[in-house]
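In what follows, a single structure is set out as structure tokens and then discussed.
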Amino acid sequence: MEPTSCCCLLERRTVLAQVICVLQSCPLGEIVVVAGATSIEKVEEMLGRYPGRKGSDFRFVYNPDYATGEMLSSIQAGWPAMRDDCQAALIVLGDQPHIERRIVDQVIAAYKPSTVVIPSFNRHGGHPILIDRTCWPEVLALPLNANCERCSVPMQDWLHYVEVDTETILRDVDTPEDYGRAIS
């Protein structure tokens, strides 16, 4: 999560708070927020300002490899914090303010044990991604610059793409220009 995407306001919320707001409306267990470039304390402070925050259903984890590890390092930092009874993890970008509950619901509905569910728009995979716990060891063993679509051959059998009707699964906010498009 880049500091610019975390701190910008979107509909009177930060981009991250918008994402959390949508996730809190979904049928999920707890939400684990992985912080790196922005300190956990600052992220907690930003999220604590918004009505509707239910502090008991999300926690914060620090990713010490955020600067060099790509997104996989955040996944690898977050998984050890998951509850033991967690069957799968929904990987959501903290800088994807146009995430929609109906897309999260589609991804969850496509879940089957031993799968990685990836939403797809026009044959392009996006987020959020749902990863069954049985797949975690394979993903945890990947080098920090890898992604789930480039996993070893056994894991390719686990990939399940779900066609969705919106390109928002492909969009995130990495630059001021992206932010300008997000609020327009």
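The values are calculated or read from the model by the stated rules, or taken from the named source; none is laboratory data. Computed from a predicted model, the values in this text were never measured in an experiment. Cβ coordinates were reconstructed from backbone atoms using ideal geometry, including for glycine residues, and neighbour counts include every protein chain displayed. SASA here: full protein model, heavy atoms, side chains in, ligands and nucleic acids out. Shrake-Rupley method; radii C 1.70, N 1.55, O 1.52, S 1.80 Å.
Tabulated data
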item: Residues of the stretch 91-138 satisfying the condition of being touching a residue at least 60 places away in the same chain (Cβ under 8 Å) and among the basic types (Lys, Arg); result: Arg101
item: Test set (1) open to solvent by 50 Å² or more (accessible area, probe 1.4 Å); (2) under 19 Å from Pro97 (Cα atoms); (3) modelled with pLDDT of 85 or more - Arg83 fails condition number; result: (2)
item: Scan of the stretch 86-129 for residues that are over 17 Å from Gly29 (Cβ atoms) and among the aliphatic types (A, V, I, L, M), ordered by number; result: Leu93, Ile99, Ile103, Ala110, Val116, Ile118
item: The stretch 19-35 residues that are farther than 21 Å from Asp132 by Cα, paired with ones that are open to solvent by 30 Å² or more (accessible area, probe 1.4 Å) and polar (S, T, N, Q) (beta carbon under 9 Å, 6 or more apart); result: Ala35/Ser74
item: Search result, residues across the stretch 107-126 that are in a helix (DSSP H, G or I) and either touching a helix residue (DSSP H, G or I) at 6+ places or on another chain (Cβ under 9 Å) or under 13 Å from Val92 (Cα atoms) (or both); result: Val107, Ile108
item: Test: residue in the stretch 64-78 that is free of Cβ contacts under 8 Å to residues at least 12 places away in the same chain and either open to solvent by 40 Å² or more (accessible area, probe 1.4 Å) or closer than 25 Å to Glu177 by Cα (or both); result: no
